[in-house]
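The values are calculated or read from the model by the stated rules, or taken from the named source; none is laboratory data. Predicted model only: the values in this text are computed from it and were never measured. Heads up, the Cβs are rebuilt from the backbone with ideal geometry, glycines too, and the neighbour counts pull from every protein chain shown. Note: accessible area is taken over every heavy atom of the protein model, side chains too, but ligands, DNA and RNA are not part of it. Shrake-Rupley method; radii C 1.70, N 1.55, O 1.52, S 1.80 Å.
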Amino acid sequence: MKPISEAHVAQPGLAVVDVAACDDQTASAVQALLAGRWATASADRTVVVPGEPGVRLRCYLDVRQELESHL
């Protein structure tokens, strides 16, 4: 994975979330949960890190922008 850029965490409320999961479906489900709550720049695909189990996925959050609930 690429190093985290200073721009991604330059202000309070910005966060980088690295997800480690056993498979693509689980990683994508976690990302969907985050995207359902906050403004999220989602990853297009998971990556496999040699020597580490499972898959990885990185997404970028702006927790200052909580999405409205549509209940």
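With every protein chain present, what is the per residue accessible area of the chain (1.4 Å probe, Å²)?
Working: 5090 Å² over 71 residues.
In whole numbers, the chain has 72 Å² accessible per residue.
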Per-q log10 I(q)/I(0), the chain, q = 0.19, 0.26 Å⁻¹ (Debye; single scatterer per alpha-carbon; no solvent): -0.78, -1.16
So, with +1 on the Cβ of K and R and -1 on the Cβ of D and E, and no other charges, what is the size of the charge dipole of the chain about its Cα centre, to the nearest 20 debye? 80
Probe radius 1.4 Å, ligands and nucleic acids ignored: give me the carbon and sulfur share of the accessible area of the chain as a rounded percent. 56
